[in-house]
Amino acid sequence: MYISSASNVKMRIDGLEEKLAHCRQSMEEVDLKLRREKLSPEGRKSLERERNLLMTKADNYEKELSVLRKENRKNAALAVAMGLLIALIYACWMM
């Protein structure tokens, strides 16, 4: 169960990192359009709304990534602790 959970967290982290990278790339494209293209007021407003939406999505992805990375660190610490406990039990058993 632990290994399944840890790999699931890692897969979720990888997926979110990909989504975040795509979101940031889209934000860069929108920013570039806003700076370089002559836009109507409606077009500019639409792109600014899209940029704000992308920024919100990126913030949410970053927050979720932070939580998942924390969970991943806890899983790693638990794995190390379990390994040390098993080594200690084995050492005591062999004495």
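The values are calculated or read from the model by the stated rules, or taken from the named source; none is laboratory data. Computed from a prediction, not measured in an experiment: that's the story for all the values here. Because the Cβ atoms are built from the backbone with ideal geometry, glycine has one as well, and the counts that use them run over all protein chains shown. The area values use the complete protein model at the heavy-atom level, side chains included, leaving out ligands, DNA and RNA. Shrake-Rupley method; radii C 1.70, N 1.55, O 1.52, S 1.80 Å.
Things worth noting here:
- Of all accessible heavy-atom area on the chain, the percent that carbon and sulfur account for (1.4 Å): 60 percent
- Segment Trp93-Glu50, extension gain: residue separation times 0.36 nm, minus the distance between their alpha carbons: 9.1 nm
- Only lysine pairs 8 or more places apart, or on different chains, with alpha-carbon atoms under 18 angstrom apart are counted in the chain, and they number 8.
- Extending 7 Å from Cα along the Cβ direction at Asn60 and again at Ile13 yields two label points whose distance is 2.3 nm.
- Ordered from largest to smallest accessible area (heavy atoms of protein chains, 1.4 Å probe), the residues Val30, Val80 come out as Val80, Val30.
- Loop trypsin sites (Lys or Arg not before Pro), the stretch 3-95, which have at most 11 other Cβ atoms in a 10 Å radius of their Cβ (DSSP): Lys38
- Residue (of Gly43, Ser5, Tyr61) at the positive-pole extreme of the chain, dipole from beta-carbon charges: Gly43
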